[in-house]
Amino acid sequence: MSTLPQERRVVTAIPGPKSQELQSRRTASVAAGVGSVMPVFAARADGGIVEDVDGNRFIDFGSGIAVTTVGASAEAVVRRASAQLADFTHTCFMVTPYEGYVEVAEQLAELTPGDHAKKSALFNSGAEAVENAVKIARAYTKRTAVVVFDHGYHGRTNLTMALTSKNMPYKQGFGPFAPEVYRVPVAYGYRWPTGAENAGAEASAQAIDQINKQIGAENVAAIIIEPVLGEGGFIEPAKGFLPAIRQFASDNGIVFVADEIQSGFCRTGQWFACEDEGIVPDLITTAKGIAGGLPLSAVTGRAEIMDAAHSGGLGGTYGGNPVACAGALGAIETMRELDLNAKAKRIEAVMKPRLTAMQEKFDIIGDVRGRGAMIAIELVKSGTKEPNPEATAQIAKACHAEGVLVLTTGTYGNVVRFLPPLVIGEELLTDGLDVLEAAFAAL
């Protein structure tokens, strides 16, 4: 049970005086390149609420970008991580290993799609997981090229910036980027020129044609895709697209990597989003929701692929930190005990009809999409499909002022995304949607 009252409360201007004071300290000491969605400083968070230092309580529709799936202070996460803190904080798994790392790898083998033999390697961040998936695929295939997709996002390191589609803010001014990365079309149904019903078949055919013509399938080490594209705007590739790309990879000895960093761990109402069309990836990258807010990521996959890297070739000082591993075991325990896949589906059942009703009422809502508790609305200029980032920013700002924490996303900056913790109460969901609707009405 949450110790923080589960109700929205705005008692000061946003930001309040204490947040403003902290903001001035931050400006003096924190690099300007580190942005924040809201200028309020968190003091406590639990369930579906984030409370700031001024006592304002915000309905959390962001989960720290899909991280606090089980809540921001879930009992099992706190209990297990606290016990591990008391025993030891670090030995480095590459120096003296410990059981927690092994246990997380065992859980990942059990939970990820496919009944083949699997192994894992643990890291700290999503970008590290993706980067290591590329290393492993190259070691296994003895090939160099990596294929990614339009609107894809994979991280902020040099290699993962190269893999990422969106320039601003992720890549602008930070090049040159890693070579041997190739980008092909994705089946973005809402924006597909011949209509969503044709997107799956046409986009997969175009992507495969480009790979064959421009790279040569025999040169491709890995194809990496998010089963639901996160920073690109919560794009669900049109049906048929993922199976066609998966089949092409299988037919050509290419390692198929599902980047489930944002979409994994019950977020879409399944343990992993790729399960929706029965996709069994060769490698799967996870982070964000894996450890209840502690820094942990993983690459999990076919044992023979995972074992391709030489001994000592994979690792990192903090990779699979014991406290983070304990947090992950607590998060997975919570997901199982509370059946958070069912809770994600229930969130969709509450949110989607409300958002669809708003779409009928407000013609700047061009599309409502997503699965489970990974839902988005795309905003356009009235009567067109022209992206409307200005209205998107206004809606987010209006929600923030009324105590609802929402995030924007999308290649064109015109998508409002909803990532509530899966433990959120339905009354908070409804209240948050009321605030959102009022923001559209005021616009």
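Scanning region 338-364 for residues being more than 21 Å from residue 275 (Cβ to Cβ) and touching a Lys or Arg at 6+ places or on another chain (Cβ under 8 Å) gives a total of 1. Residues in region 204-224 that are touching a helix residue (DSSP H, G or I) at 6+ places or on another chain (Cβ under 9 Å), farther than 22 Å from residue 273 by Cβ and not in a helix (DSSP H, G or I): 220, 221. For region 250-280, a residue qualifies if it is touching a strand residue (DSSP E or B) at 6+ places or on another chain (Cβ under 8 Å), under 14 Å from residue 237 (Cβ atoms), assigned to a helix (DSSP H, G or I) and not aliphatic (A, V, I, L, M), and the qualifying residues are 274, 276. In region 387-401, is there at least one residue being touching a Lys or Arg at 6+ places or on another chain (Cβ under 8 Å), touching a residue at least 60 places away in the same chain (Cβ under 8 Å) and not assigned by TED's automatic domain parsing to the domain that holds residue 167? There is no residue in region 387-401 that is touching a Lys or Arg at 6+ places or on another chain (Cβ under 8 Å), touching a residue at least 60 places away in the same chain (Cβ under 8 Å) and not assigned by TED's automatic domain parsing to the domain that holds residue 167. For residue 106, the conditions (1) in contact (Cβ under 8 Å) with a residue 12 or more places away in the chain; (2) within 23 Å of the chain's Cα centre (by Cα); (3) over 30 Å from residue 399 (Cα atoms) all hold with the exception of (1).
Of the residues making up region 75-97, those that are in a loop (DSSP other than H, G, I, E, B) and touching a Pro at 6+ places or on another chain (Cβ under 9 Å) are 88, 89, 90, 91, 93.
This table checks each residue for (1) farther than 30 Å from residue 304 by Cα; (2) in the same structural domain as residue 419 (by TED's automatic domain parsing).
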{"site": "10", "(1), (2)": "yes, no"}
{"site": "28", "(1), (2)": "yes, yes"}
{"site": "40", "(1), (2)": "yes, yes"}
{"site": "43", "(1), (2)": "yes, yes"}
{"site": "49", "(1), (2)": "yes, yes"}
{"site": "82", "(1), (2)": "yes, no"}
{"site": "93", "(1), (2)": "no, no"}
{"site": "105", "(1), (2)": "no, no"}
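For the residues 227, 193, 243, the requirement of being part of a loop (DSSP other than H, G, I, E, B), modelled with pLDDT of 95 or more and touching a helix residue (DSSP H, G or I) at 6+ places or on another chain (Cβ under 7 Å) singles out 227. From the residues in region 148-197 that are closer than 14 Å to residue 238 by Cα and among the hydroxyl-bearing types (Ser, Thr, Tyr), which one is surrounded by the fewest Cβ atoms within 10 Å (Cβ to Cβ)? The extreme case among them is 194.
Taking only region 298-349 into account, find how many residues are in a loop (DSSP other than H, G, I, E, B) and either among the charged types (D, E, K, R) or at negative phi (or both). Matching residues across region 298-349 total 13. Every listed requirement among (1) closer than 30 Å to residue 168 by Cβ; (2) surrounded by fewer than 20 Cβ atoms within 10 Å (Cβ to Cβ); (3) in contact (Cβ under 8 Å) with a residue 24 or more places away in the chain; (4) β-branched (Val, Ile, Thr) is met by residue 12 save one, (1). Determine if region 38-55 includes at least one residue that is assigned to a loop (DSSP other than H, G, I, E, B) and at pLDDT below 95. Looking for residues that are assigned to a loop (DSSP other than H, G, I, E, B) and at pLDDT below 95, one finds at least one in region 38-55, hence yes. Cβ separations smaller than 6 Å between residues 6+ apart or across chains give the following pairs from region 273-289 residues that are at pLDDT 95 or above to residues that are crowded, with 24+ Cβ neighbours inside 10 Å and among the hydroxyl-bearing types (Ser, Thr, Tyr): 273/263; 284/112; 284/300; 287/297; 289/69.
Got a sec? Which of 152, 114, 173 is closer than 26 Å to residue 326 by Cα, of a type outside the set (Lys, Arg), in the same structural domain as residue 289 (by TED's automatic domain parsing) and part of a loop (DSSP other than H, G, I, E, B)? None of the other options fit; the residue is 114.
In the condition set (1) surrounded by fewer than 19 Cβ atoms within 10 Å (Cβ to Cβ); (2) closer than 16 Å to residue 292 by Cβ, residue 62 is compliant with all but (1).
The values are calculated or read from the model by the stated rules, or taken from the named source; none is laboratory data. It should be emphasised that the depicted structure is a prediction, and the values quoted were computed from it without experimental measurement. Because the Cβ atoms are built from the backbone with ideal geometry, glycine has one as well, and the counts that use them run over all protein chains shown.
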